[in-house]
Amino acid sequence: MYGRIEKFLEERGDNLSKEEIELFKEFLKVYARKDKSFHFGVGSEIVNIYPSTLDTYLGVRKFYPYLDDFGLKSVAQFLGIEIEGRVYLLPSQIKIDDRTLQYNKHDVMEQAGVTMQILEQALPLAFTTCMPFDMLLEAGAVNMWDHMAMIRATRYKKIIPPTVKVLNVSKFLVKKFPGERDKKRLTEKAKKVKEQLSKEVIRVLKYGEEMPDWVSYPDVIYNGKAKDGEEALNYHIPGGMTIKPDKDAKSDFIPWYYVIVADVGAMYPTILKALNIGADVVKLARKGEKPDSWIWLKYLPKGFLEDYDVAWREIGKDEEFADTGVMIGIRVSKEAGVVNRAMSGIMNVIGKIKEELKKTSDPDRKKRLKMIYQSLKGARNAGTHGILSAPTVSGRQFNLWGAAAITTKGQEILFHTIKKLKEKGVRIVYGDTDGIYIACSRSMASVPELAKSLGIVVKDEDSWITKPEVVLRSIEECSELWRRNLNYKGFELEPEKHDAMIFVKHKNYLIFDGVDGRFEMITKGNSFKGSDKANIARKALEMIMKNVLLDNCKWEDEKEARKRVKESIKERTKEVVRKLDLKNVDVDDLILVQSVQPAKRYQLNKDGTLSTYGRRAKALEKLIGEKIKSRMKFKFVVTKKPLPGIPSPSKSGVKPIEYMYPIEFVKDLNEIDLEWYKKMIENYIKGAFGLYDLSTAPAKQVGLDSWM
C-alpha cells in the first residue's frame, strides 16, 4: 500500500486535487514509517502504520517459527481457514477479470481469518509486556524483557545498563586495557583514545561509576587466547541436567507406556522469582563477606580468582550435583529486581488463564485459551537464564552470576528430585530441560485410549513398572520439599501424562496419544523434523510407527524389546514403501516448497557458466512464460523428465532440482517420479532413527576397502 501510494503520487499526481495530494502525503509522513525487520541476521523492508500495526507475517513468524512457509496460503491452510471454492492463480494468470476479483476476495477472507487467530495470541502478550504490535512481533526474547525491565526501572527510579553485545565490548577492553579493573581509571584511559572507541564501548563508558560490573572483569567473559569463536568465552556455566536415553538411561528404542513427565519448563522462571535473580540485584560477594548464596561455575580463569576481590571456595561434599569447578559467593538485594517484577506480571496472567482453562467446558474457548497460554508460557520461559547469559546478543540484562545462580539451583533441584524418585524404584527413561520422564508400564493395556485409536484391545495384564499414583505422589512430595526450601508457594513440578513414547537419542523422541478415538503422534528433535522433505515422509513415519506399536503392544525384557522395535521399524518401512502408489497418495503430500531467485543472483561456476540453480531459474522462466525478477516461492514435485532446456540433467543428491516441476505444470500424475519419493522416505527413516540400512539380517563386518 505504501509503495502504491508513492507510485500513484509520482505518476498520477497531476490528476489529483491539492487536498487529495495532501491527504496521501500526510498518510506517508505521519501515519506510516518505513523500517527494517531482521530475522537471523537477514533484513527485510517493512512499513509500520500508526496508531497500530498488526503485521500478520511477523506474527506468524513469532508464534509459529517452525513453519516452512510464512505465505498467506500456506499459513491459512495450517490454521484450518477454509474458503469454499478457493481460487488460486499464478502471477501470469492475474488479469482484470471476475476470476482475479474472486481470487483477491478470497485472499482478503483468508487474511481476516489469519488476523483473528494472530490477534488472540498477540493482544494478551502486548498488554502483558506493554509493547505495541510493531515492537512486539519482531522483538526477540532479550528485547522483550529489556523493554519490560526499562518500564519498571523508570517506575522505581533505577539506573539500567545500556544495550550492548557484552562479548564485543569485553574483547575491546581486554585488548586495549588489559588488567584494568577500576571503573574510574578505565574511563580516564578511554578518554585518551576516544577516536578508537566504537559506539557500543562509548555507550557503556558514558555511565562512569554506574557502568555494569562486568567491565571490571572482561577477561572472565572474553578469552584473549581464543583460537576461534567456539573458545571465545572464558567461563563455563553448567546447563540443565540431562539423562540421555542411549547413554545414561539405556531406554532407547523401547515402547514405554503410560509415561509421566515431571514438567520443569517453568522451573527457571520460578527460581528467578523465588530467589529474586536479576542484573540489577545480584552482585559478587567480597572476601570476608557472608554470601547470600553460593553458585557453581564449571570454569573460571585462575587469574580472576587470585586477583579479584571475590568470595570463592571448592565444591563441598554435600553438593553432589556439582562435578568440577568452583563455588562463587553472591549477594542478592532484598528489594525486588525489575525482571522479577516483570516476571510476576506474566506469571499472574498465566495463573489466571490456567484457572479459566479448568473452569471452561466450551471447546472453542478452551482452544483460544490454550493458544494464549502457549504464547505467554513461551515469553515466560524465555525471560530467565537466557537473557542473563547472552553475551553475543545486544541487551541490558547480562549478569553472569545471576545466570549461574539459576542453573545452580536448577541442578540441585533436579539432582535431588531424581534421587528421590529412584529411591521409590521408578524407571526414569529420559531427562532434559523440559522435564523428567518416568515410564509406568510395559503394555498398551494400561492406556486403553491409545489401543482404541489403533483399533485393538490389549488383554489387561499386570505390566506395571510403577503404579501412576506412586509416581504422582513422589512428584508432589518433591514439589512440597522445594516449596519449603525456596520459601515460595508457587513452585510446582507439574505432572503431565502421555500414552506412549519411544526415545532415540537426546532431544529426539516420539510421543503417542489416543485423543477422542484418534491416534496422535508428536515428533521432537531435528532428526524427525525433515523440513526439507515432502509431507509424504512425515505421513509415512506415522503409518510406520502405528504398525511398530501394534507389533510391540506389550513386552517383558528391555533388551529384547529394543531389538524387536528396531527390526519392526525396518520391516514396516519396507512394507509402507512397497505399497506406496500414486492412486492412494494426495499430490499435496508430494510437494517440495523452494524459493527461486533470478538466475543472475546465483554464483557462476568456475568456468563462467551458469550453476545448477541458475539453469533451473532460466528453465522455469521459459516454463511459466515470464521473468523471475525477485525471489519467488514455488511448489514443486519431482518428475521423471527434467525441466525444459537443461543439458545433461542430474538426479543425484537430496534435491534433484533439475527434475523439480511446479505442480501447476504437471498434466499427468504418471509424470511424477514415485521411485524417487520411495527412496526419499527410506533415507528419512534411516536418518531419523540412525539406521545404517533397512536390512533385518545381522550386520556383516566389512573391511575398509568396501568404503573405497
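The values are calculated or read from the model by the stated rules, or taken from the named source; none is laboratory data. What you see is a predicted model; the values in this text were computed from it and never measured. Here the Cβ is made from the backbone with ideal geometry for all residues, glycine too, and neighbour counts use every protein chain on show.
Laid out as a table, the results:
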quantity	calculated
Test result for Ile428, within 29 Å of the chain's Cα centre (by Cα), at pLDDT 90 or above and crowded, with 21+ Cβ neighbours inside 10 Å	no
Search result, residues across segment 313-361 that are over 23 Å from Val142 (Cβ atoms), of a type outside the set (A, V, I, L, M, F, W, C) and touching a helix residue (DSSP H, G or I) at 6+ places or on another chain (Cβ under 9 Å)	Glu319, Glu320, Lys354, Glu356, Thr360
Residue in segment 263-272 that is surrounded by fewer than 20 Cβ atoms within 10 Å (Cβ to Cβ), over 21 Å from Arg484 (Cβ atoms), touching a strand residue (DSSP E or B) at 6+ places or on another chain (Cβ under 8 Å) and modelled with pLDDT under 90 present	yes
Which numbered condition Lys18 fails, given (1) of a type outside the set (A, V, I, L, M); (2) over 25 Å from Gln594 (Cβ atoms); (3) surrounded by 14 or more Cβ atoms within 10 Å (Cβ to Cβ)	(3)
Hits in segment 94-111 (condition: in contact (Cβ under 8 Å) with a residue 12 or more places away in the chain and either of a type in the set (Asp, Glu) or closer than 20 Å to Val339 by Cα (or both))	Asp107, Glu110
1 or more residues within 28 Å of the chain's Cα centre (by Cα): qualifying helices (runs of 4 or more DSSP H) within segment 1-104	56-63, 72-78
Qualifying residue in segment 97-110 (condition: among the hydrophobic types (A, V, I, L, M, F, W, C), closer than 22 Å to Val47 by Cβ and at pLDDT 90 or above)	yes
Count - residues of segment 149-202 that are in contact (Cβ under 8 Å) with a residue 40 or more places away in the chain, among the hydroxyl-bearing types (Ser, Thr, Tyr) and assigned to a loop (DSSP other than H, G, I, E, B)	2
Test: residue in segment 633-654 that is in a helix (DSSP H, G or I), at pLDDT 90 or above, aromatic (Phe, Trp, Tyr) and surrounded by 16 or more Cβ atoms within 10 Å (Cβ to Cβ)	no
Search result, residues across segment 659-694 that are part of a loop (DSSP other than H, G, I, E, B), surrounded by 12 or more Cβ atoms within 10 Å (Cβ to Cβ) and either among the hydrophobic types (A, V, I, L, M, F, W, C) or modelled with pLDDT under 90 (or both)	Val666, Leu691, Leu694
Unique match (being under 24 Å from Gly402 (Cβ atoms) and either in contact with a His (Cβ under 8 Å, 6 or more places away or on another chain) or of a type outside the set (Ser, Thr, Tyr) (or both)) among Pro132, Pro178, Pro218	Pro218
First in segment 112-124 and outside the structural domain of Arg368 (by TED's automatic domain parsing) and farther than 12 Å from Tyr373 by Cα, second anywhere and surrounded by 15 or more Cβ atoms within 10 Å (Cβ to Cβ) and hydroxyl-bearing (Ser, Thr, Tyr), Cβ under 6 Å, 6 or more apart	Val114/Thr56; Thr115/Thr56; Ile118/Thr56
Selection count where residues are surrounded by fewer than 18 Cβ atoms within 10 Å (Cβ to Cβ) and in contact with a Lys or Arg (Cβ under 8 Å, 6 or more places away or on another chain), scope segment 487-505	4
Residues located in segment 471-492, provided they are in contact (Cβ under 8 Å) with a residue 24 or more places away in the chain, among the charged types (D, E, K, R) and not in a helix (DSSP H, G or I)	Glu492
Qualifying position, being without any contact (Cβ under 8 Å) to a residue 60 or more places away in the chain, closer than 25 Å to Thr417 by Cβ and not hydrophobic (A, V, I, L, M, F, W, C), among Lys352, Lys366, Lys317	Lys317
Residue identified as part of a loop (DSSP other than H, G, I, E, B) and not assigned by TED's automatic domain parsing to the domain that holds Met680 among Glu556, Glu560	Glu556
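Residue-wise test of (1) out of contact with any helix residue (DSSP H, G or I) (no Cβ under 7 Å at 6 or more places or on another chain); (2) β-branched (Val, Ile, Thr).
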position: Leu450; (1), (2): no, no
position: Val457; (1), (2): no, yes
position: Arg473; (1), (2): yes, no
position: Asn485; (1), (2): yes, no
position: Asp513; (1), (2): no, no
position: Met521; (1), (2): no, no
position: Ser531; (1), (2): yes, no
position: Met545; (1), (2): yes, no
position: Leu550; (1), (2): yes, no
